[in-house]
Amino acid sequence: MTTILTVRKGKQVVIVGDGQVSLEHTIVKGSAKKVRRMPEHPIIGGFAGSAADGIALFEKLQGKLREQAGNLTRAAVDLATDWRTDRVMRKLEAMLLVADADNTYLLSGSGDIIEPDDGVVAIGSGGNYALSAARALLRNTDMEAMEIAKRSMGIAAEICVYTNDQLTIESLP
């Protein structure tokens, strides 16, 4: 279980994830890195779900980005199509949040490519808590995206037993 949150405000986009890895009802690791930068492109992402499946999806997305010359939208569509139609990929149990300077997408194995209306989206066990906090802070404060993301994850960690406060944060200006 985990929580991954994306906040876009102005020209900044932030993806933050907690570090907790749970196996059923036991915390087995507190400092996992589920948020990362794509090595060849100015794109950030995070995954919730099975760690092996999330890492496999990141690798597939990197391949799609190479094929599409770094175009995140086209790479996301290609990945979602493969994910939905390929028999092996359909069994992957993870979701992705990815963002570049202009776009934010939630990708799932059912073929979903969702771009949030307000620049805020979250996945994972504490996703709804972080999403609610981020939307409230976005609408009612002058905080920057980074501060909104950190505070929202702190709130989620206070509520969700599968979310901790060991955060990994990536941002694009």
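The values are calculated or read from the model by the stated rules, or taken from the named source; none is laboratory data. All values reported here derive from a predicted model rather than from experimental measurement. Glycine gets a Cβ as well: all are built from the backbone with ideal geometry, and neighbour counts include every protein chain shown.
Residue-wise test of (1) in contact with a strand residue (DSSP E or B) (Cβ under 9 Å, 6 or more places away or on another chain); (2) at pLDDT below 85.
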{"site": "82", "(1), (2)": "no, no"}
{"site": "89", "(1), (2)": "no, yes"}
{"site": "93", "(1), (2)": "yes, no"}
{"site": "96", "(1), (2)": "yes, no"}
{"site": "100", "(1), (2)": "yes, no"}
{"site": "106", "(1), (2)": "yes, no"}
{"site": "110", "(1), (2)": "no, yes"}
{"site": "115", "(1), (2)": "yes, no"}
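What about residue 163, is it buried (at least 16 other Cβ atoms within 10 Å of the Cβ), among the hydroxyl-bearing types (Ser, Thr, Tyr) and either in contact with a Gly (Cβ under 9 Å, 6 or more places away or on another chain) or within 30 Å of residue 30 (Cβ to Cβ) (or both)? Here the answer is yes, as residue 163 does meet what is asked. If you take just the strands (runs of 3 or more DSSP E) that sit entirely in segment 1-95, which of them hold at least 3 residues that are more than 16 Å from the chain's Cα centre (by Cα)? Ranges flagged: 26-29. In segment 123-148, the residues that are closer than 14 Å to residue 17 by Cα and among the aromatic types (Phe, Trp, Tyr) form Cβ pairs under 8 Å with partners that are modelled with pLDDT of 95 or more and surrounded by fewer than 21 Cβ atoms within 10 Å (Cβ to Cβ), at six or more places apart or across chains, as follows: 129/155; 129/159.
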